[in-house]
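Laboratory data are not the source of any read-out in this text; all were calculated from the coordinates shown. Here the structure is a predicted model, which is why all the values come from computation and not from measurement. Quick reminder, even Gly has a Cβ in these numbers, built from the backbone with ideal geometry, and neighbours come from all protein chains shown.
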């Protein structure tokens, strides 16, 4: 539906749908070019649901606003379920990476893992690890197999905790703070 095709349609549905669509632009990877599609989707949903409107239960504008906002939430959930975080997807899965134990492989090959692990989390962690400075990458490798005890014997405790805090900050900045408590990494090789 273009602008002219909204003639004869409930103007309140069109106004609320267009407003909601404009609010979505710039978020969740949506751009100005998505605006007409979003408007159309929200207007169609609003019009379909008007058959269920009961004036005895709410005002028309309240009903339309709730229907449109519900559809907006559905669209956001669908958009987030389809792909990884659009703010962090910068690399192609066909780009090669070097893993210490394996050698040079394509990133897509890192997605093949244990059944109970999250392949996208593994890919995110792999991308972060390959960008770490050598000293922090070495700490990660040692902790992978020996935990913190293997490092506490080799360096002063304050230095260890300072480096550990740097690692935490890097993972937090990458948006992985919540993922570790919810996801399962594969067991070490």
| Label-point gap, in nm, between residue 22 and residue 166 - each point 7 angstrom along Cα→Cβ | 4.8
| note | Note on region 3-82: contact order normalised by length, alpha-carbon pairs under 8 Å, 6 or more apart, percent, works out to 35
| Two-site label geometry, residue 155 and residue 135: point separation in nm, points 7 Å out along Cα→Cβ | 0.6
| message | What's the ranking of 155-164, 6-15 by average number of surrounding C-beta atoms within 10 Å, highest first? | response | 6-15, 155-164
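To the nearest 0.05, how large is the calculated FRET efficiency for residue 12 and residue 173 if R₀ is 30 Å and r is the Cβ-Cβ distance?
Step by step, r from the Cβ atoms, then E = 0.10.
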| Peptides 36-45, 134-143 ordered by average Cβ neighbours within 10 Å, highest first | 36-45, 134-143
| field | Label-point separation, residue 48 to residue 78 (7 Å along Cα→Cβ), nm | value | 0.9
